1. Need the failing condition index for VAL87 against (1) surrounded by 11 or more Cβ atoms within 10 Å (Cβ to Cβ); (2) within 30 Å of the chain's Cα centre (by Cα), just the number.
2. Consider segment 39-48. How many of its residues are part of a loop (DSSP other than H, G, I, E, B) and either small (Gly, Ala, Ser) or free of Cβ contacts under 8 Å to residues at least 12 places away in the same chain (or both)?
3. What residue, among those in segment 1-27 that are among the basic types (Lys, Arg) and without any contact (Cβ under 8 Å) to a residue 24 or more places away in the chain, is farthest from LYS48 (Cα to Cα)?
4. Scan segment 35-47 and tell me whether some residue there is among the aromatic types (Phe, Trp, Tyr) and outside the structural domain of LYS14 (by TED's automatic domain parsing).
Amino acid sequence: MFVYVSPEGNIRIKSVQRLHGNMVKGCSEHVVEYKQTDRLIYEDNRVKRYEDSRQYAEDTDRYRIQKENELLKKKNQELTKIANVKVTKDLELEVKGQEANEYQRKIYLLKHMRE
């Protein structure tokens with residue numbers, strides 16, 4: 001399929017056959033292997049399916065959710081390190097050369113929630 005893109009980055013015409021003339025004057029021609037019914041977008045100097053584009057991810061809020069998820073994972077790792085230090089000190093595991101595991105952190109948390 002032939003896709004003709006204007007200098008501004010807008011897709012003007014999708015055609016199965018190569019076109020000539022005033023309709024495509026000034027447009028760049030891209031040969032792609034998509035169906036005529038696919039929704040296409042011009043992004044990063046190439047023609048892509050809309051569902052595979054960065055614009056689609058932003059439109060569906062997927063981009064924001066992924067960034068938020070990465071930040072929460074990083075914050076969780078920092079809090080786990082802090083919890084390990086606190087539990088290790090309180091359970092005197094540092095004397096034994098051990099580090100607190102998840103089970104010990106949960107037990108410690110439950111004991112302190114009761115207080």
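1. Status for VAL87: all satisfied but (2).
2. Step one: filter segment 39-48 for residues part of a loop (DSSP other than H, G, I, E, B), giving 39, 44-45.
Add one more test, that the residue is either small (Gly, Ala, Ser) or free of Cβ contacts under 8 Å to residues at least 12 places away in the same chain (or both), and what stays is 44-45.
So the answer is 2.
3. By that ranking, first place goes to LYS25.
4. Kept after step one, since they are among the aromatic types (Phe, Trp, Tyr), are these residues of segment 35-47: 42.
Narrowing the set further to residues that are outside the structural domain of LYS14 (by TED's automatic domain parsing) leaves none.
Looking through segment 35-47, none of the residues is among the aromatic types (Phe, Trp, Tyr) and outside the structural domain of LYS14 (by TED's automatic domain parsing).
The values are calculated or read from the model by the stated rules, or taken from the named source; none is laboratory data. Worth saying up front: this structure is predicted, and the values here are computed from it rather than measured. Note that each Cβ is placed from the backbone with ideal geometry, even for glycine, and that neighbours are counted across all protein chains shown.
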